[in-house]
Amino acid sequence: MRFARSLKKYRFDGVVLFPHSLRSAFLAYLSGARWRLGYATEARGCLLTHPVPVTLDSKTVHAVDYYLPLVAPLGVTRVEKNFRSMVTEEDMRLYAKNFLDLGIRKDDFVVAVQPGASKPQKRWHAERFGVLCQRLVREKNVTIVLLGSKDEKQDTKEGTVEHWGRSSSNPIRGWYGLKKNFKGRFGMYRPPLMEE
């Protein structure tokens, strides 16, 4: 509660709530923002200055189309859905060279797997990654590359996905967090972790 009240010092003009939770609307209300836009779900309409009725099914439309009505009161009625790549030609040459150095050829079918998560409860169990990767290698003849971030260079605890990924005894003998200089545009390095 103290945190919610402390938000007032920032003097927010407005808040657009993407989460549907009552908690997020309550925090926005306590922040003192002059306008609060969000979907009128979970009986939270009274906490919003601009409650927006849900008219679309989030499972049947693109996320951009689903959330666009939230910002319509601000005059935003259309946005581009095109993705503009931030990877340069130089980046592509560097990645191609690094892949070649790892024995991954241009025509190889590469599947990237990101086993980490910011919260432990959102992580899959290590064995499930092993089963999935083994099956992909066996049935689709793919090369598996695990993605990670700088935090994964730290020592690992036995029984974790990270520990399993670094172990030479895992089912496809991968490395995890041990290869340097695979920095990407999104702050991730791309270590060669598991390949048959």
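Throughout, read-outs are computed from the coordinates displayed, never taken from laboratory work. In this text, all values refer to a predicted model and were calculated from it rather than measured experimentally. Reconstructed Cβ throughout: ideal geometry from the backbone, glycine too, with neighbour counts over all protein chains shown.
Full extension of the chain segment joining ARG5 with SER58 gains 15.9 nm, where the gain is 0.36 nm per residue of separation less the Cα-Cα distance.
Give me the extension gain from TRP124 to ASP108: residue separation times 0.36 nm, minus the current Cα-Cα distance, reported in nm with one decimal. Roughly 3.1 nm would be gained on extension.
So between GLU139 and SER21, what do we pick up on full extension, going 0.36 nm a residue minus the alpha carbon distance?
Details: separation 118, 0.36 × 118 = 42.48 nm, distance 4.13 nm.
Working it through step by step, the gained length comes to 38.4 nm.
Taking other Cβ atoms within 10 Å as a rough exposure proxy, THR55, THR49 sort from fewest to most as THR55, THR49. Phi angles of region 12-24 translate, via the Karplus equation with coefficients 6.51, -1.76, 1.60 and θ = phi - 60°, into HN-Hα couplings of 4, 6, x, 9, 10, 9, 7, x, 8, 6, 5, 4, 5 Hz per residue; Gly and Pro are given as x. Using DSSP to define loop residues, name the GluC sites (Glu not before Pro) in region 1-96 whose beta-carbon has at most 16 other beta-carbon atoms within 10 Å. Taking region 1-96 and a limit of 16 other Cβ atoms within 10 Å, the loop GluC sites (Glu not before Pro) found are GLU42, GLU80.
The Cα-based radius of gyration of region 7-109, divided by its Kirkwood radius, gives an Rg/Rh of 1.24.
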